[in-house]
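Read through the structure below, which is laid out as structure tokens, and then see the notes.
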Amino acid sequence: MKILKKITALLLLLPILFVGCSLSKTARIMKKGEVVQKEFKVEIPFEYRIGLIAIKVEIDGVEYDFMIDTGAPNVLSTELAQKLQLIPEASLKTSDSQGEHSKLEYVLVDQINIGGISFQNTGAAVANLKASNVISCIKIDGLIGANLMRKAIWEIDYENQKITITNSLSSLDVPDVTKKIPFSQKISGTPQIEIDLSGQKENYVTVDLGSNGDFDMSLSSYKKLLKNNTLTSTTFGYGSKSSGLYGLSKPDTIKYAIVPEMSFGDIELNNKIVSFHEDKSLLAGTNFFKNYRLIFDWFNEELIMIETKEYENTKFNNFGFSPNYHDNEIFIGFLFNQSSAKKAGLKLGDQIIEINGKDYSKVTLDGWCEITEEKFSLEDIDSISIKVSRDGEILTFTLTRSMILTL
């Protein structure tokens, strides 16, 4: 969440060692698993948590909360892995979507039951899910990742908040008119697509339902589009704007532009906002995909999409800053250039003390989670008064909602 757009809670796990025994063992673990039932079709409900999908799963007869994340393999919290007394099968140095590195252990889970469907002998990484405040707010015991999901066909109905899991595409109600996107798979099963940005191709873009963002592309593509005079509406910001498995991203400059034409598979988009950065993780997130009923056909490596509403994302109209949280304090984490916040004099690291008379000087994690969901309740407000603490001094600023990026 940022004040006017959610923090991207990415949990993408990327191996950064591509040789040796560790990767080989991990690859074998990721390929393991099967569905006990031969023919099946079940429908399960889901709930939204910070814009992401949370479902109930059962392990050893106990129900747990897991998040759906096509951009990652299965992940178990450290506490759950210890409770299940799982023995590590392998370990591997990895990085999350923000480029933060750690060594993860990988285990095999005898059986994960989802809606009565039994996924047997599937691999999972074990991670501390409390390292990130944003992920802590989702309150999950783990992730259902692509290495498990690819053992079946999954239909995700965002509009009606339900998921259908089946072994047969023919058992689903697929209309004659759909949009189809071919994809390839990483070792973990994570689907990757190719996107054309007004003639500039981006390969290996992750279809990441563990991100509640839109489209994150490479800075090199931005530079080429700018050089070719393709982009006419651009802006940028600086700071830490997203969170991964190991916490907040490092401060960075992020470019934003309205791209005249985007295409991937049968999808064609015109004049949509795309972000560009130096991070190697290229992503298409939930904020785009939630406008469709999605069918992941891993067997034929095809994403089938049925549009339910129009995807907009054509303008930024906000106060120009994003908050972050640390040690019971909320502070300015990201600033848009030429925004009301930037022009007024807010700086990165300013501690937010008060907004429109409401005290934020000390905020519990639960309080921060509520703010993350409700965005300070400022969506319909055009002007705010904000007090911050900077170097021991209390400063007051008046900010006005303004158009930061539009055609």
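Nothing in this text is a laboratory measurement; each read-out follows from the coordinates by a stated rule. Note that the coordinates shown come from a computational prediction; the quantities given were computed from them, not determined experimentally. Cβ atoms come from the backbone with ideal geometry, glycine included; neighbour counts cover every protein chain shown.
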For a Förster distance of 45 Å, can you work out the FRET efficiency between the beta-carbons of E379 and S184, rounded to the nearest 0.05? 0.75
Residues E393, E194 arranged by fewest to most Cβ contacts within 10 Å: E393, E194
Rounded to the nearest 20 debye, what is the charge dipole size of region 204-270 about its Cα centre when +1 sits on each Lys and Arg Cβ and -1 on each Asp and Glu Cβ? 440
Residues in region 320-342, backbone N under 12 Å from the label point at L395 (7 Å along the Cα-to-beta-carbon vector): list them, ranges by number please. 332, 341-342
May I ask you to evaluate 6.51 cos²θ - 1.76 cosθ + 1.60, the Karplus curve with θ = phi - 60°, for each residue of region 61-68 and list the ³J(HN,Hα) values in order in whole Hz, giving x for glycine and proline? x, 10, 8, 9, 9, 10, 9, 7
Karplus (6.51, -1.76, 1.60) ³J(HN,Hα), θ = phi - 60°, over region 302-309, in Hz, Gly and Pro reported as x: 9, 9, 9, 10, 10, 5, 10, 7
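How do H326, H277 line up, fewest other C-beta atoms within 10 Å first?
Details: H326 13, H277 21.
In increasing order of surrounding Cβ atoms, one gets H326, H277.
Can you check what the net charge comes to around L395, using other residues whose Cβ is under 9 Å from the Cβ of L395 (Lys, Arg +1; Asp, Glu -1)?
With Lys, Arg at +1 and Asp, Glu at -1, the neighbours total 0.
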So, R0 is 25 Å and r is the distance between the beta-carbons of K315 and L348; what FRET efficiency does that work out to, to 0.05? 0.55
Efficiency by 1/(1 + (r/R0)^6): what FRET value for S168 and K358, r their Cβ-Cβ distance, R0 = 56 Å, to the nearest 0.05? 0.60
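Note down the magnitude of the dipole of the chain about its Cα centre, charges +1 on Lys and Arg C-beta and -1 on Asp and Glu C-beta and zero elsewhere, to the nearest 20 debye.
1140
Considering only DSSP beta bridges where both residues belong to region 75-219, give the percentage that are antiparallel (nearest 5).
Here the antiparallel bridges make up roughly 90 percent for region 75-219.
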Region 307-357: C-alpha gyration tensor shape, a/c 1.5 cut-off, then a/b vs b/c: prolate
Go ahead and estimate [θ] at 222 nm for the chain from helices alone: -39,500 (n - 2.57) per DSSP H run with n ≥ 4, summed, over the residue count, rounded to 500. -3500 deg cm²/dmol
Entry for mean projected area of the Cα convex hull in nm² (calculated from the structure that is shown) out of (1) 18.3; (2) 19.8; (3) 27.4: (2)
Å³ per residue of the Cα convex hull, for region 183-289? 99
0 to 90° range, to nearest 10: angle between helix 365-374 axis and the chain longest Cα axis: 80
Report, in degrees rounded to the nearest 10, the 0 to 90 angle that the Cα long axis of helix 21-31 makes with the longest principal axis of the chain. 80
Residues E43, E105 arranged by fewest to most Cβ contacts within 10 Å: E43, E105
Using a basic spin-label model with each label point 7 Å from the Cα along Cα→Cβ, how many nm lie between Y238 and L407? 3.2
